[in-house]
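To keep things clear, I will list the structure first and then write my remarks on it.
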Amino acid sequence: MTAHDIVVVGGGCVGCSVARSLASKSDLDVAVVEKEHHLAAHQSGRNSGVLHPGFNYEPGSLKARFATEGTRRMKEYAAEHGVPIEDFGVLVVARNDREEAHLETMQERATENGVGTELLYEPDAIAEHEPHATGQAALYAPGAASIDSQQYVYSLARDLADRGVDLYTGTRVDDVRRDLDGFRLDTTSGELRAGYVVNAAGLHADHVAAEFGVGEGLQVVPFRGEYYEVVPERRHLCETMIYPTPDPDLPFLGVHFTRRTDGKVIVGPNAVLAFGREAYGNTDVNPRELAETLGYRGFRRLMADPKILKVGWDELNRSYRKGKFVEAARRLVPGAEADDFTRSYAGIRAQLVSEDGDLVKDPLFEHAGDSTHVLNAVSPGLTCSLPFGDHLSDAVLENLDR
Ligand SMILES: Cc1cc2nc3c(=O)[nH]c(=O)nc-3n(C[C@H](O)[C@H](O)[C@H](O)COP(=O)(O)OP(=O)(O)OC[C@H]3O[C@@H](n4cnc5c(N)ncnc54)[C@H](O)[C@@H]3O)c2cc1C
C-alpha cells in the first residue's frame with residue numbers, strides 16, 4: 001500500500017494548482033488522485049477558456065482578488081510554459097438603458113479592482129473592436145484573454161512531475177476511513193494512505209466532503225453549459241470576444257461569443273439544469289443524481305424564485321431548440337444565421353447551493369481535522385486557479401502546523 005503525506009483528490013486546475021503550490025512550499029510528499037484516465041476531463045477542460053480580469057466582481061471579494069491576480073499570473077505562466085494564449089480583450093455589449101447603466105456600475109467596480117476598461121458609446125467605436133456586434137454602448141476590457149485550459153492543466157501536471165508529485169490517473173476515491181495514522185483511501189486502483197487529504201473533486205466535492213462529515217447544508221447542483229461552434233467561413237463574425245451585459249441577479253454570464261486560441265469561435269454556454277453531474281448530453285440522465293437534486297430543499301427554494309424559474313425555462317428551451325439559442329446569439333451579432341452554428345461540446349458547472357436556496361458565489365473551502373475541502377470553485381475558477389491554489393496551500397500548511 002502506498003503512503004503520502006498529502007493526497008489531493010481531483011486532477012482539475014484547482015487540484016493540480018494546490019498540489020503544485022504545496023510541493024513548492026514544503027518538503028511534504030504530495031500525490032494527486034484523478035478518477036479519469038486524463039486530466040481536466042470535467043470543468044477544467046470543458047469551459048470557455050477565458051481569463052476574466054475581474055471587472056465584474058464585488059470589490060473586496062475573494063473572487064475579485066483572485067481574478068485580477070489570476071489573470072496577470074496566468075498570462076505570465078502561459079508565456080513561460082508555452083501554453084497557448086491570446087490577449088484578445090472582451091467587449092461587453094449593452095442593448096438598452098438598464099444594461100448601459102449596469103455597464104457604468106461595472107466600470108466603477110473594475111476601477112476599484114484595478115482593472116482597466118473603456119466605455120464606448122459610439123457605434124463606430126464598437127465597430128472598431130467588433131465590426132459585426134451591435135449595441136447602444138459597450139464596455140471594453142483589454143485585459144481579458146483566451147487560454148487553452150486543457151494544455152494549462154497538463155502544464156501544471158508537468159510541474160508536478162518536476163517537483164516529485166505522484167499522479168494517479170484512472171483512480172477514483174470511493175471510500176475514506178480514518179485510523180490512528182491518518183486516512184485510508186479506498187480507490188478503484190487499491191488502497192492509498194494519506195496523512196492529510198485535500199478534496200478538490202469539483203462536481204463531486206460535496207460527496208467526498210460528506211465522507212469526512214463536512215459540508216452539511218450545502219449541495220452541488222450541476223448546471224450544464226452547451227456550446228455551438230461558428231462554421232469556419234463565418235468566423236469573421238467575432239474577431240475577439242463578445243459578451244452580453246450580465247444580469248447582476250444571476251450567477252452565469254449569458255450566451256457569448258469567444259474566439260479560442262485555436263482560432264475556432266464558440267458560442268455559449270447556456271445554463272440548464274443537468275440531469276446528472278456528468279450528464280453532458282441533453283438526453284443523458286443519472287436517475288440517482290437527478291433525484292438527489294430534485295429532493296434537495298436548497299434547490300427547491302432556489303426554484304421558488306419566479307425569476308430563476310423563468311430563466312430556467314428559457315435556458316431549457318435554448319438547450320432543446322436551436323432557434324432559441326441562435327436568437328440569444330443574434331442579440332449580440334445580428335448578422336449571424338442559424339446555419340452559421342453547429343453543435344459543439346458541453347461543460348457542467350458545479351454550483352454550490354445552500355439549504356436556503358442561495359447560490360454560493362465566492363470560492364469556499366473548509367478544514368476538518370487533517371483534511372481541507374474545496375466546496376466551491378465556481379467560475380471564473382480557471383482564472384483564479386493559481387492564486388486560489390496558493391491560498392489553499394497556505395491554509396493547508398497552517399492547519400497542519402496546528
Ligand atoms: C461551461 C463552463 C464554462 C466556464 N468558463 C470559464 C471561463 O471562461 N473562465 C474561467 O475562469 N472559468 C470558467 N469556468 C469555471 C472553471 O472551469 C471551473 O471553476 C474550474 O475548472 C474548476 O476546477 P476544479 O479543479 O475545481 O474542478 P474540475 O475541473 O471539475 O476537477 C475536479 C476533478 O476531480 C475529479 N474527481 C471527482 N471525484 C473524484 C473522486 N472521487 N476520486 C478521484 N477524482 C475525482 C474529477 O474527475 C475532476 O477531474 C467554466 C466552467 C464551465 C462548466
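The values are calculated or read from the model by the stated rules, or taken from the named source; none is laboratory data. Predicted model only: the values in this text are computed from it and were never measured. Glycine also receives a Cβ, built like all others from the backbone with ideal geometry; neighbour counts cover every protein chain displayed. Surface accessibility is based on the protein's heavy atoms, side chains included, excluding ligands, DNA and RNA. Shrake-Rupley method; radii C 1.70, N 1.55, O 1.52, S 1.80 Å.
Using θ = phi - 60° in the Karplus curve 6.51 cos²θ - 1.76 cosθ + 1.60, the 3J(HN,Hα) couplings for the stretch 351-357 round to 8, 7, 10, 7, 5, 7, x Hz; x is entered for Gly and Pro. When the chain is treated as a Gaussian network with alpha carbon springs shorter than 10 Å, the biggest mean-square fluctuation among ALA78, ALA304, ALA133 belongs to ALA304. In this view, the solvent-accessible surface of MET1, computed with a 1.4 Å probe and all protein chains in place, comes to about 130 Å².
Selection among ALA3, VAL197, SER149 by position relative to the dipole of the chain gives SER149 as farthest towards the positive end (Cβ unit charges, Cα centre).
Computed with every protein chain present, the accessible area of SER189 is close to 80 Å² [probe 1.4 Å]. In sequence order, the stretch 206-221 has phi-based couplings of 5, 5, 5, 4, 4, 4, 9, x, 10, x, 5, x, 9, 8, 6, 10 Hz under the Karplus curve 6.51 cos²θ - 1.76 cosθ + 1.60, θ = phi - 60°, and Gly or Pro positions carry x. Pairs with C-alpha atoms separated by more than 30 Å, drawn from the list LYS75/LYS361; LYS324/LYS361; LYS264/LYS322; LYS63/LYS310; LYS35/LYS310; LYS264/LYS324, are LYS35/LYS310.
Membrane-span-like helices in the chain, defined purely by DSSP H runs whose alpha carbon atoms cover 15 Å or more axially and whose average Kyte-Doolittle hydropathy reaches -0.5, are 13-25, 381-401. Largest GNM mean-square fluctuation across ALA350, ALA125, ALA145, computed for the chain with C-alpha springs under 10 Å, falls on ALA125. The sum of -39500 (n - 2.57) across all DSSP H runs of n ≥ 4, divided by the residue count of the chain, sets its helix-only mean residue ellipticity at 222 nm to -10500 deg cm²/dmol.
The packing ranking of peptides 289-298, 175-184, 90-99, highest mean first, is 90-99, 289-298, 175-184, where packing means the average number of other beta carbon atoms within 10 angstrom of each residue.
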